[in-house]
Amino acid sequence: MIIFNFAISSPLTFGQIKLKERFLNKGSSHPEVFDPHLKVEQVVEGLELPTTMAFLGPDDFLVLEKDKGTVMRVTGGTIMPLPLLDVDVANFIERGMCGIAVSTNGAKTYVFIYFTEINGMDGEDRKGKAPIGNRLYKYEMTNGKLTNPVLLLDLPALPGPRHNGGAIEIGPDNNIYVPVGDIDGSFRPDYKATVTQNLEKGADADGRSGILRITQDGEPVGEGILGDSIPLRLYFAYGIRNSFGLGFDPVTGFLWDTENGPANGDEINQVNPGFNSGWEEVYGFSSSIKKFNNADLVTFDNAGKYDEPKLVWMRTAGLTSIVFLDSDKLGVQYKNDIFVGDVHNGRIYHFKLNPERNDLVLPEVLADRYIRNSVNFGAPDIVFGEGFGGITDLTVGPDGYLYMVSIGQGKVFRILPK
């Protein structure tokens, strides 16, 4: 039985009243936001399992279709008839087309794509064929086509099929950041975790369970944070179970992520160099893990530090994208705030940061930073919108508006003033 409790410390705003009504009626069946000055607009429909998007220019973006291995171009709200790229993908469960980013260098435009590659037909891994790997490629945009592929990262895709990560972000340092999960194989008797999963006697690091950082040419960045050997030299953070979202604060340059727990323990984290998120020893708060001791966590030559999450969901919401709205187009009150999407509920969450921009400003009902139920948590204070049918990506467009990809509805939406 679900018990609804909307106790908050201040009177309900118009938007909060609307949200309360929606929850009491078991959620919204159509996309909406709860700020009465904003509206939701459909940009495009007819996409097949879209995952992530990246802009080439105003009203011109690329979007990945998970199972088909396709990169579709959308201009003026219209999907171009042929894909810009069609690659062979393993697509069982979370495998497939995972992440995309665009970088412009002078007159040249480069597109980075992370996907689970297979030597065969799309989806043959569902019949037992093993994928080649989770791979990051760099393409050049030439005459409206993606050409000259260069393999930058060749990462494990086995045993899988879950926790492949792949949300690509280009940092303020112009380097590429990619989260990679543990490529879950705990169901297999021969599975062995690695040291980057906080198993002291685990297998050598192989790119799993971390946030990796490379240059746009695929080279290591400076001295390794965790070590000088490859792939340790590529790790910016480790102890990651599964992540679908990275975002850089446009004010401070700090990196933040979202992470998924098993059935509980979804997290929002600030990720400093050498950050250890704790998996497999910890998910959620360390205080919720019986007999936890920091000594149980792996460090690398005294590098690597565990930090507690900024917010934890007890029941997983399937957190995906995290983005900073570096625009005042929705109102100055939202500029540089954090927005987070989830795939299970189709919700967008909104958070302000403290003056130091190293923590979330949370309502009193969330003083312990623990969301105990997907609806019974003071939702009117942090839920910005819902009804989006499973959000897999949020991004800010060149127009300054907030865009979201709905894998469940096969659509892209944007939020803008009424």
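The values are calculated or read from the model by the stated rules, or taken from the named source; none is laboratory data. Please read these numbers as outputs of a predicted model, since none were measured by experiment. So basically every Cβ, Gly included, is an ideal-geometry build from the backbone, and we count neighbours across all protein chains shown.
ARG357 - would you say it is out of contact with any strand residue (DSSP E or B) (no Cβ under 6 Å at 6 or more places or on another chain) and either touching a residue at least 60 places away in the same chain (Cβ under 8 Å) or of a type in the set (Asp, Glu) (or both)?
Details: out of contact with any strand residue (DSSP E or B) (no Cβ under 6 Å at 6 or more places or on another chain): yes; either touching a residue at least 60 places away in the same chain (Cβ under 8 Å) or of a type in the set (Asp, Glu) (or both): yes.
The answer is yes for ARG357.
Being buried (at least 22 other Cβ atoms within 10 Å of the Cβ) and within 17 Å of GLU267 (Cβ to Cβ) is the filter here; which residues of the range 344-365 pass it? Those that are buried (at least 22 other Cβ atoms within 10 Å of the Cβ) and within 17 Å of GLU267 (Cβ to Cβ): ARG347, TYR349. Scanning the range 308-317 for residues being at pLDDT 95 or above and assigned to a loop (DSSP other than H, G, I, E, B) gives a total of 3.
Does GLY239 meet the test of being modelled with pLDDT of 95 or more, at positive phi and crowded, with 24+ Cβ neighbours inside 10 Å? Break it down stepwise before answering.
Working: modelled with pLDDT of 95 or more: yes; at positive phi: yes; crowded, with 24+ Cβ neighbours inside 10 Å: yes.
Criteria met by GLY239.
Here the range 96-133 is the region considered, the condition is being among the hydroxyl-bearing types (Ser, Thr, Tyr) and closer than 16 Å to LEU152 by Cβ, and the residue that is surrounded by the fewest Cβ atoms within 10 Å (Cβ to Cβ) is SER103. If you filter the range 300-322 down to residues that are without any contact (Cβ under 8 Å) to a residue 40 or more places away in the chain and not acidic (Asp, Glu), you find that the one that is farthest from GLY99 (Cα to Cα) is ASN302.
Results for (1) acidic (Asp, Glu); (2) surrounded by 20 or more Cβ atoms within 10 Å (Cβ to Cβ); (3) out of contact with any Phe, Trp or Tyr (no Cβ under 7 Å at 6 or more places or on another chain), shown as yes or no for each residue.
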| position | (1), (2), (3) |
| --- | --- |
| HIS37 | no, no, yes |
| GLU48 | yes, no, yes |
| PHE61 | no, yes, no |
| LYS66 | no, yes, yes |
| THR75 | no, no, yes |
| ALA90 | no, yes, yes |
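When the residues of the range 170-193 are filtered to those that are buried (at least 21 other Cβ atoms within 10 Å of the Cβ) and assigned to a strand (DSSP E or B), the one that is farthest from the chain's Cα centre (by Cα) is ILE176. Could you tell me whether any residue of the range 170-191 is hydroxyl-bearing (Ser, Thr, Tyr) and either without any contact (Cβ under 8 Å) to a residue 12 or more places away in the chain or touching a helix residue (DSSP H, G or I) at 6+ places or on another chain (Cβ under 8 Å) (or both)? Yes, the range 170-191 contains a residue that is hydroxyl-bearing (Ser, Thr, Tyr) and either without any contact (Cβ under 8 Å) to a residue 12 or more places away in the chain or touching a helix residue (DSSP H, G or I) at 6+ places or on another chain (Cβ under 8 Å) (or both).
How about the range 95-123: which of its residues are of a type in the set (Gly, Ala, Ser), out of contact with any Asp or Glu (no Cβ under 7 Å at 6 or more places or on another chain) and under 16 Å from MET53 (Cβ atoms)?
GLY99, SER103
For the condition under 30 Å from VAL412 (Cβ atoms) and either touching a residue at least 12 places away in the same chain (Cβ under 8 Å) or out of contact with any Leu (no Cβ under 9 Å at 6 or more places or on another chain) (or both), what is the one hit in LEU366, LEU297, LEU325? It would help to see each step written out before you state the result.
Values: LEU366 fails: under 30 Å from VAL412 (Cβ atoms); LEU297 fails: under 30 Å from VAL412 (Cβ atoms).
Going through LEU366, LEU297, LEU325 in turn, the sole match is LEU325.
Within the range 102-156, restricting attention to residues that are of a type in the set (D, E, K, R) and in a strand (DSSP E or B), the residue that is farthest from ASN174 (Cα to Cα) is GLU117. In this structure, does ASN242 turn out to be closer than 24 Å to THR51 by Cα, in contact (Cβ under 8 Å) with a residue 60 or more places away in the chain and not small (Gly, Ala, Ser)? Yes, satisfied.
Filter the range 404-418 down to residues that are assigned to a strand (DSSP E or B) and out of contact with any Phe, Trp or Tyr (no Cβ under 7 Å at 6 or more places or on another chain) and give me whichever is surrounded by the fewest Cβ atoms within 10 Å (Cβ to Cβ). The qualifying residue surrounded by the fewest Cβ atoms within 10 Å (Cβ to Cβ) is PRO417. Applying the criterion of being surrounded by fewer than 22 Cβ atoms within 10 Å (Cβ to Cβ) and modelled with pLDDT under 95 to the residues of the range 265-282, the residue that is nearest to the chain's Cα centre (by Cα) is GLU280. Taking each residue of the range 77-93 that is without any contact (Cβ under 8 Å) to a residue 24 or more places away in the chain and looking for partners that are charged (D, E, K, R) with beta-carbon atoms closer than 7 Å, six or more apart or interchain, yields MET80/ARG73.
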